[in-house]
Amino acid sequence: VYLYSSLPDDPRLMPEIGNGHVATVIQSDTICMNGLYNGANTSSSRARIPSLVSFTVDSVQPNPGNFTKKYVLDMKNGVFREKFHSEYVDLEVRTYAHRLVSRVFVVAVDINQIKPLADNITINYHLNTGQPSTDIRLAPPVCKNYAWYTGETVEAEYPDIKPTTPVVIVYDQFNPLSIPSFLSGVTAYWFVSIGVNLTEAQFYYEKAQDLFTNGSIYSSHVKAWEELWNNGRIDVEGNRNLSTSIYSSLYYLLSSVPSHPDQYNWPFMGMAPGGLAHGTMGDDYAGHVFWDQDTWMFPSIMLLHSTIGKILVQSRLDKLTTARLLAKYRGFPGAVFPWESAYTGLPTSTSETCSINEIHISADVSLALRQYLFLTNDSDFLEHGGADTLIDLATFWVARVTVNPDTKLYEIHDVMGPDEYHYHINNSAYTNTAARLAIETGVTAMIRRGQSPPSHWTDIINNMYIPLDNQYQYHPEYDGYSRGTVVKQADVILLGFPLMAQTSTIVTQNDLKYYASVTLSGPAMTWGMFAVNWLEQGDSMTANKYFYKQFGNIRPPFNVWTENADGSGAVNFHTGMGGYLQSILFGYGGIRVLEDRLNFDPQLMSSVISWNITGLDYGGNSFDMKFDRENMFITLTKSQHPVAVYLYGSKTQESCILHQTQTFLRQKAAFIKL
């Protein structure tokens with residue numbers, strides 16, 4: 001819980017509330033909705049819905065004296081509170097996106113008399129709705145027991161693929177707020193429900209009304225957040241700053257994703273670098289979906305909340321048809337995911353170079369699906385689009401390579417790697433390695449489906465060219481790369497993790513040392529990957545340096561991340577949060593997702609007594625894990641399939657028994673399926 005007596009001067013650093021369907025930045029004039037975009041192709045961005053929940057208290061009559069104000073971000077319960085205290089009256093405004101009734105925002109105002117007043121109490125307030133939206137055409141409101149707006153976005157993304165999107169806002173009218181002086185206290189509620197048709201929005205509004213009637217509108221929301229935290233989180237003992245930064249990162253990520261698949265046929269459409277509450281007017285990457293979801297945000301969510309991980313995976317599978325269309329349009333078989341996408345799944349990037357050349361996204365998606373498959377062994381995923389997507393992605397990469405007639409090695413030309421400073425390059429070390437892994441994963445999918453993969457696929461896997469400088473014993477970022485050239489962000493170092501390419505220790509360490517020297521001010525997630533890879537090399541001192549460097553991107557008072565350490569770039573930068581959580585789980589946790597096991601090799605962060613993972617999901621099972629200076633404690637809390645802990649040092653294994661804690665010396669181990 002963050003409690004402060006003032007708000008940040010920079011409105012960009014205000015916290016957000018959301019539930020995966022709707023979200024807003026506190027005190028802003030904007031609500032954003034999952035999948036609601038306006039603008040043709042490259043002009044697409046999140047559509048701005050004028051806020052009906054930005055409630056500001058102006059005054060209280062009769063004048064109760066001076067108020068003291070407190071502002072609270074209650075991450076445990078997913079609520080923002082504004083608390084006003086005087087000698088005579090306590091006033092609290094609670095705003096939240098209901099975690100269970102996912103279309104609904106709730107504003108609740110609690111008024112309590114401390115000392116009796118002679119006159120009725122009147123709360124004067126206003127709503128910050130801002131200017132009329134230029135993204136949505138809204139008809140005049142219909143007012144009955146409650147009111148509603150109907151409308152649609154102004155301009156379709158690709159009208160030949162999908163038309164403009166309808167939007168409906170059902171809401172309680174905000175009337176004057178006054179209570180008789182003889183009442184000691186009262187709570188007033190307002191609901192705002194947002195959907196794509198009137199039936200849907202009314203259904204959720206009335207569901208909220210039912211919860212209000214039976215007295216559980218707030219408790220049901222709190223219970224849903226409690227279940228989220230109990231199902232998956234990270235706790236740290238001994239370092240409060242570290243602990244709160246972990247909680248806030250998880251809170252913001254979870255606020256941008258739904259807890260369960262949608263039941264009203266409006267699926268989740270993906271995570272954006274700035275989360276669900278940002279992206280209007282083209283800011284914060286316009287709310288579009290990039291590799292950020294698959295490479296940076298997905299892995300930690302997947303480990304702690306595999307059901308939400310499946311929703312993220314499904315957001316990619318849902319776009320397979322358009323990925324196939326894009327591949328065909330570009331002259332290739334299989335499927336190609338666009339570098340940047342929104343509602344339709346077709347390209348929306350304002351940069352033609354990124355759109356055409358930053359094709360590693362089609363390997364990044366494959367990697368996320370690979371991790372999900374190995375982590376869950378979900379046969380339903382393979383049968384309902386997973387295998388088709390993995391095979392189609394591999395098919396694209398097989399067609400995209402060319403063979404060098406002199407070396408007989410396979411190459412990939414005219415690309416852009418993660419380092420966006422350099423493009424139209426040949427043989428990006430990252431792209432070639434990721435493409436090789438995507439083809440390998442396509443082979444796995446075919447075998448699991450009972451098909452025989454083409455023999456030349458294996459030949460490409462075994463003979464993919466990866467640039468290597470024998471003199472300096474490191475990977476040049478691409479063919480023709482000149483030593484000393486500055487790079488934007490983590491690129492080559494990702495070969496170690498997350499790609500887990502097999503390279504020698506000296507080459508890996510040389511990569512890490514060299515690219516740190518030419519990465520001058522990379523975005524937030526860069527330093528987390530340096531930390532992960534140095535931990536794997538056994539150098540905790542260097543890893544700690546890069547791990548704590550990430551804190552330069554966290555802004556007080558509400559731990560809002562900025563893309564760059566100087567405060568510039570996207571906010572609230574979910575990509576950086578995802579990289580940060582990976583540096584804990586995959587770095588200090590040493591977790592590696594393999595086809596037949598889940599490795600872990602826990603270490604302690606500096607200034608930490610112990611740390612816990614609650615709800616690590618693997619193979620349909622869930623585990624609670626605690627690590628201290630000497631021991632690790634493992635408890636199987638949910639069980640679907642037999643599993644054991646394998647100890648690499650002794651080459652022994654011990655079966656896990658539900659709700660029984662196993663204690664081992666802290667060491668490299670694995671969960672293995674029995």
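What follows is calculated from the coordinates using simple rules that are stated; it is not laboratory data. Remember, it's a predicted structure, so these values are computed and weren't measured experimentally. Every residue, glycine as well, gets a Cβ built from its backbone with ideal geometry; the counts of neighbours run over all protein chains shown.
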Integer Hz, Karplus 6.51/-1.76/1.60 couplings in order for region 164-170, x for Gly and Pro: 4, 9, x, 9, 10, 10, 9
Dipole magnitude (debye, nearest 20) for region 2-230, charges at Cβ of Lys, Arg, Asp, Glu: 200 debye
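Sorted from fewest to most neighbouring beta carbons within 10 Å, what does the list Thr663, Thr441 look like?
On the way: Thr663 9, Thr441 23.
Going from sparsest to densest Cβ surroundings: Thr663, Thr441.
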Calculated SAXS-style log₁₀ I(q)/I(0) at q = 0.10, 0.15 Å⁻¹ - region 340-489, Debye, Cα scatterers: -0.39, -0.84
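Counting Lys and Arg as +1 and Asp and Glu as -1, each charge on the Cβ, what is the dipole of the chain about the Cα centre in debye, to the nearest 20? Could you put the intermediate results ahead of the total?
Values: 46 positive and 64 negative charges, 195 e Å.
Computed charge dipole of the chain: roughly 940 debye.
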Residue list for region 222-238, given a label point 7 angstrom along the Cα-to-Cβ vector of Thr307 and an amide N cut-off under 18 Å: 222-234
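About the Cα centre of region 560-674, what is the dipole size in debye to 20, counting +1 per Lys and Arg Cβ and -1 per Asp and Glu Cβ, all else neutral?
Values: 9 positive and 10 negative charges, 72 e Å.
The dipole of region 560-674 has a size of about 340 debye.
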Phi to ³J(HN,Hα) by Karplus 6.51 cos²θ - 1.76 cosθ + 1.60 over region 69-76, Hz, x for Gly, Pro: 10, 9, 10, 10, 9, 9, 6, 4
Rounded tilt (10° steps) of 320-329 against the dominant C-alpha axis of the chain: 60 degrees
On Cα atoms only, tilt of 240-255 relative to the major axis of the chain in degrees: 80 degrees
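Give, in nm to one decimal, the length gained when the segment between Asn230 and Thr407 is fully stretched (0.36 nm per residue of separation minus the Cα-Cα distance). All intermediate terms of the calculation are to be shown ahead of the outcome.
Numbers: separation 177, 0.36 × 177 = 63.72 nm, distance 5.44 nm.
Stretched fully, the Asn230-Thr407 segment lengthens by 58.3 nm.
Order by neighbour count: Trp397, Trp190, fewest other Cβ atoms within 10 Å first, most last. Intermediate results must be reported in sequence, preceding the final value.
Working: Trp397 29, Trp190 21.
Placing the least packed residue first, the sequence is Trp190, Trp397.
Arrange the following residues from fewest to most other Cβ atoms within 10 Å of their Cβ: Trp457, Trp534. Don't skip to the end; give the middle numbers.
Working: Trp457 18, Trp534 26.
Result, fewest neighbours first: Trp457, Trp534.
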Cα-only radius of gyration and Dmax that characterise the chain, units Å: 25.9, 95
Selection from Ile609, Ile439, Ala40, by position along the positive dipole direction of the chain (Cβ): Ile609
Eligible lysines near Lys69 by straight Cα distance, threshold 17 Å, same-chain separation 8 or greater: Lys83
For Asn120, residues with placed amide H under 5 Å, excluding near neighbours: Ser181
Phi to ³J(HN,Hα) by Karplus 6.51 cos²θ - 1.76 cosθ + 1.60 over region 510-524, Hz, x for Gly, Pro: 5, 4, 5, 5, 5, 6, 5, 6, 10, 9, 7, 8, x, x, 3
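Work out, step by step, the length gained on full extension between Tyr648 and His126: first 0.36 nm times the residue separation, then minus their alpha carbon distance; give nm to one decimal. If you can, show how the numbers build up before the last one.
Numbers: separation 522, 0.36 × 522 = 187.92 nm, distance 6.30 nm.
Residue separation times 0.36 nm, minus the Cα-Cα distance, leaves 181.6 nm.
Calculate the tail of P(r) for region 1-144: the fraction of all Cα-Cα distances greater than 18 Å, expressed in %. All intermediate terms of the calculation are to be shown ahead of the outcome.
Numbers: 6487 of 10296 pairs.
The proportion of pairs with Cα distances above 18 Å equals 63 percent.
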Among Ile49, Ala368, Leu127 - extreme Cα towards positive end, dipole of the chain, charges at beta-carbon: Ala368
In range of the label at Tyr4: residues from region 540-565 whose backbone nitrogen is under 14 Å from the point 7 Å along Cα→Cβ: 554-562
